[in-house]
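Read-outs throughout are calculated quantities, based only on the coordinates presented, and are distinct from any laboratory measurement. Given the structure is predicted, the values throughout are model-derived calculations rather than measurements. Using ideal geometry, Cβ is built from the backbone for each residue, glycine included, and neighbour counts are taken over all protein chains shown.
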Amino acid sequence: MKKLLSLLLALALALGLCAPGLAEETVVFTDDAGREVELPAKIERLVPSGPLAQMVLYAIAPDLFVGMASDWNADDNLGIIDPDFLALPYFGQLYGSADLNIEQLALADPQVVVDIGEDKPTSTEDMDTLQAQTGVPSVFISATLKTLPDAYRTLGALLGREERAEELAAFLERVYARTTQIMEQVGENRANALYVLGEEGLNVLAAGSYQGELLDMLVNNLAVVDNPSSRGTGNAVDMEQIALWNPEFVLFAPGSIYADVAQMDTWSEITAIANGDYVEVPKGPHNWMGMPPSVQRYLGLIWLPAVLYPDYCDYDVKEEVLEYYRLFYGCELTDEQYETLTAHAFLD
């Protein structure tokens, strides 16, 4: 009799769990690659595909992360990111280093993998492959510098956070519109500039590259090359080519040779260096000009026009930077943190 009761109870439980009313509600989401993906109606666990997506998602849904694609511990030397977030497991990324740990990702049981960024010819294939390998629904959301507000609105609809998405989108739209207006006023008087990176300063962000999108918007990017690289390492050049370009303004990437160029014979003859018209791009926890080319580039839209074209900028850079960190990092920057971030970001 006990065995029969146990069997009947097990059968009742099985039937109850399979009842339509208790099944997880799902929706069909059409991503920006045109793929129709079945997702839970209420998403509570997600992972980003890479650092670009991670930065965008952190502003709208840090509480939904079950792991990271990029380890921010090494970059967050100012204590900007919530320590609880930094304690999450690291799964690796789909793009770039392509070191995604599929087994560990599956164990974390995310409901969706979110990829955000440049619309590549392989986006559909990449998402389909990732979804097949992990068994986790994977979606792609397109985002350029200009369309990031729309990307947030799409995320708001996907995650049920429309109000928060609108707050973030409105800030970005305001900054972008103002920058566009400033550049219209600057007209043909754009600075002839280079963005230099690498330990020896012999790599540049090329005009027309995805990584150079922000730079191209704000300056006359002299780095015109045959095959612009959209990788974070930029295009390799030599000092002879830099001398031929002879920029009147140079941005040095964090960790480059900013501190030494004035004493280097090769660099000291470049017009920008001779005139003291060069800066080091702020970083914390990521580079304000990109690397990866994510939402933090809006810090570049706030800061760099004020450096290059102060006559056209009537806003308080510090106030707006603090607002960005509050909105997108959930961090109230102290004066000391701000001064550390921008130590070499302005002309003397």
Exercise. Most fluctuating residue of 214, 46, 107 in a GNM of the chain with Cα springs under 10 Å: which is it?
Worked result: 107
Exercise. What's the angle, to the nearest 10 degrees (0 to 90), between helix 317-328's Cα axis and the longest principal axis of the chain?
Worked result: 20
For this session: Kindly provide the helix-only [θ] at 222 nm of the chain, computed as the sum of -39,500 (n - 2.57) over DSSP H runs of four or more divided by all residues, to the nearest 500 deg cm²/dmol?
Result: -11500 deg cm²/dmol
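Restricting everything to alpha-carbon atoms, can you work out Rg to Rh for region 172-341 with a Kirkwood hydrodynamic radius?
0.95
Compute, for region 24-150, the length of the dipole vector about the Cα centre, with Cβ point charges of +1 (Lys, Arg) and -1 (Asp, Glu) only. Units Debye, rounded to 20.
Numbers: 5 positive and 23 negative charges, 27 e Å.
Dipole about the Cα centre, nearest 20: 140 debye.
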For this session: Could you work out which residue, out of 126, 316, 31, moves most in a Gaussian network model of the chain, that is, has the largest mean-square fluctuation with Cα springs under 10 Å?
Result: 316
Exercise. When the Cα centres of region 274-348 and region 136-213 are compared, how far apart do they sit, in Å?
Worked result: 14
Problem set entry | Under the Karplus curve 6.51 cos²θ - 1.76 cosθ + 1.60, θ = phi - 60°, whole-Hz ³J(HN,Hα) for region 146-156, x wherever Gly or Pro sits | 6, 9, 4, x, 5, 4, 5, 5, 5, 5, x
Exercise. Mind checking the log10 I(q)/I(0) for the chain at q = 0.06, 0.07, 0.12 Å⁻¹? Debye, one equal scatterer per Cα, no solvent, two decimals.
Worked result: -0.26, -0.35, -0.90
Problem set entry | Calculated SAXS-style log₁₀ I(q)/I(0) at q = 0.09, 0.15, 0.18 Å⁻¹ - region 28-159, Debye, Cα scatterers | -0.23, -0.66, -0.98
